[in-house]
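Q: Got a structure here, written out as structure tokens. Questions coming.
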Amino acid sequence: MSAANADRSTATVSDAPAAGAPAEGSGRDPDAFLGLSKEECVELLREMIIERRFEEKAAEVYQVGKIGGFCHLYIGQEAVSAGSISPLRDDDYVVTAYRDHAQAIARGMTPNAVMAELYGRADGCSKGFGGSMHMFDKTLNFMGGHGIVGSHLPLAVGVGYTIRYRGGDQVCLCFFGDSVVNIGAFHESMNMAARWKLPVIFLLENNRYGMGTDFRRVAAVKELKDRGRAYDGLTSLDVDGMDVLAVRQAVEEAIERGRNEKTPSFIEARCFRYMGHSMADPMHGTYRTREEVEKWRSDDPILSFTRQLMDAGRLTEEEYQAIDREAKEIAEESAAFADRSPFPDSDALYRYVYSDGYPDDMRRRDAWRKELR
Amino acid sequence: MAVLTYREALNDALREEMERDDSIFIIGEEVGEYDGAYKVTKGLLEQFGEWRVRDAPIAELGFAGLGVGAAMAGLRPIVEFMTWNFALLAIDEVVNAAAKMFQMSGGQYNVPIVFRGPGGAALQLAAQHSQSPEPWYSYVPGLKVIAPATAKDAKGLLKSAVRDNDPVVFIESEIMYNLVRDEVPEEEYVTPIGKAEVKREGSDVTVVCHSKMVHQALAAARALEKEDIDVEVLDLRTVRPLDVDAVVASVKKTNRAVVAEEGWPMCNVGAQVVDDIQREAFDSLDAPVARVNGLDVPMPYAKNLEKLVTPNADHVAAAVRHVCYAD
């Protein structure tokens with residue numbers, strides 16, 4: 001039985017589901033746990049809780065000025081990152097957008113390295129050069145962290161091209177938000193990935209709002225997954241993005257298609273962000289109601305998975321409390337670590353502009369800055 | 001030495017580099033079955049196959065970004081834009097992705113990629129197909145920008161660009177593909193990025209130029225011999241990084257400079273060269289630096305108006321006389 005509502009050619013445009021409604025076709029047997037062991041299930045839950053507590057800590061320290069710039073939090077969407085990254089192999093690739101802290105942690109970056117990056121410190125995963133939107137770790141094939149909406153999809157297609165070029169069986173998982181479906185880069189990417197059979201998993205996190213714009217107000221399609229129907233060879237489906245096991249099953253199937261058939265997939269995970277678009281945006285704003293936020297929060301991915309595990313005798317209240325305590329400690333420690341980490345030294349300024357050194361003419365044009373001479 | 005056209009030299013560079021390194025692939029519109037819109041990629045599909053010579057859909061943003069992603073994953077892509085005019089659709093991937101990735105990732109992901117294609121005006125192609133893109137890209141730290149004037153430099157610099165570990169913008173010329181032909185060494189060579197070359201030695205005035213304007217400057221220099229004005233022609237070859245040492249050395253010798261370039265005057269390469277000269281060689285100047293540019297209008301279609309807009313050897317010669325107070 002498939003977790004998801006796969007359709008290459010038969011879907012018809014219908015009314016978008018009401019807020020909070022699970023996606024159609026989530027016919028997964030809730031007791032089956034996809035064949036995962038008790039420990040694997042608890043690890044999935046633990047991952048989600050660590051992401052949640054980390055982001056709560058980030059919000060807290062942002063308020064006191066420890067983090068600068070834009071800061072887009074992931075709270076509410078943890079089932080998508082945990083469910084999709086957990087079935088990847090180490091040699092697979094991840095490319096994502098600017099709401100990237102939790103995905104970086106899910107891929108294996110330490111919360112310390114992510115928080116230090118948020119603080120703009122030398123121990124950050126991008127050495128303080130990237131910040132919130134640009135998390136990178138080459139050792140984990142975590143390829144950013146990109147801040148121009150939609151422009152990272154072609155990058156993921158390039159990674160898929162490289163996999164095929166070398167005859168590998170990896171996949172490239174690419175996250176993006178609902179506003180991307182209206183951008184040319186989305187269609188250019190889907191077209192090339194489908195035409196050349198590139199193992200890319202396009203994972204749309206439909207949290208319903210592109211910044212403050214309801215996707216239904218700007219997309220001339222009722223169901224965003226239908227945007228994939230134009231491309232032969234691309235499997236398009238939707239999944240309940242508040243259900244970590246549903247996400248995991250859909251991505252596992254997409255990984256199989258990518259590894260074996262080299263075909264791309266387009267998965268719309270229907271989810272919700274509890275916080276504003278960024279820390280500059282209030283939780284409700286003018287574009288969504290308190291009731292809508294509360295309705296989605298009542299379907300919280302962490303609480304529902306916790307309940308599911310407890311009902312199945314796979315988790316005790318004590319175990320849950322211990323995980324939550326540990327997650328809070330990890331978040332606290334990441335902030336303390338970031339605070340201790342040094343700021344990048346000014347010599348680093350010219351170190352990463354070119355890989356073969358900073359050209360002399362450029363340095364001479366900066367010579368009016370006496371402190372840099 | 002064999003005499004090759006600019007086009008043949010580029011084609012040789014691509015073939016030799018692709019034979020040397022199988023991580024190199026070319027992607028672009030019409031690069032494969034059509035043999036290249038301007039035949040620069042002629043014969044490569046047949047030799048290397050479709051994964052290494054990939055005909056792309058007309059989707060500049062998409063295939064430029066594909067190249068950036070492939071470079072991050074370890075390949076060495078060459079992205080051909082049919083012309084640089086169409087590359088404006090892809091400038092986000094060049095500027096926001098390729099140029100910034102190395103620093104944004106704290107030095108983890110360098111992007112070894114070449115974006116190449118013809119720039120500048122050709123023959124009555126009107127406003128959207130007649131423009132010089134050098135300033136748009138040379139503004140951006142993280143990019144290297146090359147615009148060669150001869151077949152020899154085109155081959156040597158394209159080989160260097162392909163071997164470079166950072167993103168390179170390589171600007172060719174539709175007009176020069178066939179008209180420019182010169183001696184190209186038969187043995188293996190590369191031309192260093194960031195090094196200007198004196199194309200003609202002279203003692204009275206330095207003309208700093210690149211790409212097509214090198215040929216206009218050489219023609220002007222020949223004409224001015226009759227007037228006993230000895231012109232040095234300095235071909236920048238690379239506009240970022242810019243060989244300020246070569247510019248300053250030449251100006252210190254001649255004490256006068258003209259900066260010539262095909263495109264619009266506002267914020268162009270020449271504007272930067274004038275600044276570099278006044279900062280580093282002010283005391284050597286016997287006259288203000290003169291500039292030769294295209295006129296500051298979108299390119300008109302009508303033949304007479306296009307001629308009026310486009311800088312030529314007579315314009316360069318007039319500017320040289322002006323800085324010599326000989327006009």
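Q: If you add up the charges near B:ARG237, with Lys and Arg at +1 and Asp and Glu at -1, over every other residue whose beta carbon is less than 9 angstrom from its beta carbon, what do you get?
A: Once positives and negatives cancel, what remains is -3.
Q: Defining a contact as two alpha carbons under 8 Å apart and six or more residues distant in sequence, what relative contact order in percent does chain B show?
A: 16
Q: Can you sort B:GLU46, A:GLU319, B:GLU197 so the residue with the fewest Cβ neighbours within 10 Å comes first?
A: Working: B:GLU46 11, A:GLU319 16, B:GLU197 19.
Result, fewest neighbours first: B:GLU46, A:GLU319, B:GLU197.
Q: Could you work out the relative contact order of chain A? I mean the mean sequence separation of Cα pairs under 8 Å and 6+ apart, divided by the number of residues, in percent. Display every interim value, and only then the final one.
A: Working: 720 pairs, mean separation 89.5, N = 373.
The normalised contact order for chain A reaches 24 percent.
Q: Can you tell me how much longer the chain between B:ALA271 and B:SER23 gets when fully stretched, taken as 0.36 nm per residue apart minus their C-alpha distance, in nm with one decimal?
A: 85.5 nm
Q: Does the range B:81-164 come out rounded, prolate or oblate, given a ≥ b ≥ c as the square roots of the eigenvalues of its C-alpha gyration tensor, rounded meaning a/c under 1.5 and, failing that, prolate meaning a/b above b/c?
A: It is oblate, given that a/c is not under 1.5 and a/b is not larger than b/c.
Q: Rounded to the nearest 5, what is the percent of antiparallel bridges among the DSSP beta bridges in the protein assembly as shown? Before the final figure, lay out the partial values.
A: Working: 13 of 67 bridges.
Percentage antiparallel, nearest 5: 20.
Q: Then there's this: Sequence gap at least 6, Cα distance under 8 Å: using those rules, report the relative contact order of the range B:2-184 to the nearest whole percent.
A: Working: 375 pairs, mean separation 51.4, N = 183.
Reported as a whole number, the value is 28 percent.
Q: Taking a label point 7 Å from the Cα of A:THR286 along the Cα→Cβ vector, which residues of the range A:179-215 have an amide N closer than 19 Å to it?
A: Hits in the range A:179-215 for A:THR286 at 19 Å: A:209-215.
Q: Once the principal axes of the Cα atoms of the range A:259-316 are found, what is the range along each, listed largest first in whole angstroms?
A: In descending order, the Cα extents are 45, 39, 18 Å.
Q: Sorted by average packing, counted as other Cβ atoms within 10 angstrom per residue and highest first, what order do B:128-139, B:252-263 take?
A: Details: B:128-139: 21.2, B:252-263: 23.9.
The most tightly packed comes first, giving B:252-263, B:128-139.
Q: Taking θ as phi - 60°, what are the ³J(HN,Hα) couplings along the range A:338-343 by the Karplus curve (6.51, -1.76, 1.60), each to the nearest whole Hz, with x for Gly and Pro?
A: 4, 4, 6, 5, x, 5
Q: Using θ = phi - 60° and the Karplus relation 6.51 cos²θ - 1.76 cosθ + 1.60, list the HN-Hα couplings for the range B:291-298 in order, rounded to whole Hz, with x at every Gly or Pro.
A: My calculation for the range B:291-298 gives 10, 10, 9, x, 5, 8, 9, x Hz in order.
Q: Another question, then. Bin by bin, in steps of 20 Å, what percent of the Cα pairs in the protein assembly as shown do you find, going until the bin that has the longest distance?
A: That works out to 17, 44, 28, 10, 1, in percent per bin.
Q: Share of Cα-Cα pairs in chain A beyond 37 Å, in percent?
A: When every Cα pair of chain A is considered, 19 percent fall beyond 37 Å.
Q: In addition: Give me the Kirkwood hydrodynamic radius of the range A:43-128, using the inverse of the mean 1/r over all pairs of distinct Cα atoms, in Å to one decimal.
A: 13.1
Q: For the pair B:SER203/A:ALA220, report the inter-label distance in nm, with labels modelled 7 Å from Cα in the Cβ direction.
A: 7.2
Q: Just for chain B, what percent of DSSP beta bridges are antiparallel, to the closest 5?
A: 25
Q: Further question on the same structure: Quick one: what are the phi-derived ³J(HN,Hα) couplings along the range B:77-92, Karplus 6.51/-1.76/1.60 with θ = phi - 60°, whole Hz, x for glycine and proline?
A: Computed from phi, the couplings for the range B:77-92 are x, 10, 9, 9, 9, 4, 8, 5, 4, 6, 5, 4, 5, 10, 5, 4 Hz.
Q: Can you list which of the chymotrypsin sites (Phe, Trp or Tyr not before Pro) found in the range A:295-373 are DSSP loop residues with at most 13 other C-beta atoms within 10 Å?
A: A:TRP368
Q: Report, as an integer, the average count of C-beta atoms from other chains found within 10 Å of each Cβ along A:355-368.
A: Mean inter-chain Cβ contacts per residue within 10 Å come to 5.
Q: Would you mind listing how long the range B:215-318 runs along its three principal axes, going by Cα atoms, in whole Å with the largest first?
A: Taking the Cα atoms of the range B:215-318, the three principal extents are 43, 34, 23 Å.
Q: Cβ under 13 Å from B:VAL140's Cβ, B:VAL140 left aside: what net charge do those residues give with Lys, Arg +1 and Asp, Glu -1?
A: Here the charged neighbours net out to -1.
Q: Further question on the same structure: According to the square roots a ≥ b ≥ c of the eigenvalues of the Cα gyration tensor, what is the shape class of the range A:191-270, taking rounded for a/c under 1.5, prolate for a/b larger than b/c otherwise, and oblate for the remainder?
A: Note, shape of the range A:191-270 comes out oblate.
Q: Take the alpha-carbon centre of the range B:222-258, take the same for the range B:59-78, and report the distance between them in whole Å.
A: If we compute the Cα centre of each part, the gap is 37 Å.
Q: Sticking with this one: Tell me, what is a quarter of the convex hull surface for the C-alpha atoms of the range B:1-111, in nm² with one decimal?
A: One quarter of the hull surface, i.e. the mean projection, equals 7.6 nm².
Q: A follow-up question, please. What Kirkwood hydrodynamic radius, in Å, does chain B give when the mean of 1/r is taken over all pairs of distinct Cα atoms and then inverted?
A: Result for chain B, one decimal place: 20.0 Å.
Q: Sticking with the crude label model, points 7 Å out along Cα→Cβ, report the distance from B:GLU188 to A:THR139 in nm, one decimal please.
A: Computed distance between label sites B:GLU188 and A:THR139 equals 3.6 nm.
Q: Under 18 Å from a point 7 Å along the Cα-to-Cβ line of A:ALA322: which residues of the range A:46-85 have their amide N that close?
A: A:46-50
Read-outs throughout are calculated quantities, based only on the coordinates presented, and are distinct from any laboratory measurement. All of these numbers come straight from a predicted model, not from anything done at the bench. Because the Cβ atoms are built from the backbone with ideal geometry, glycine has one as well, and the counts that use them run over all protein chains shown.
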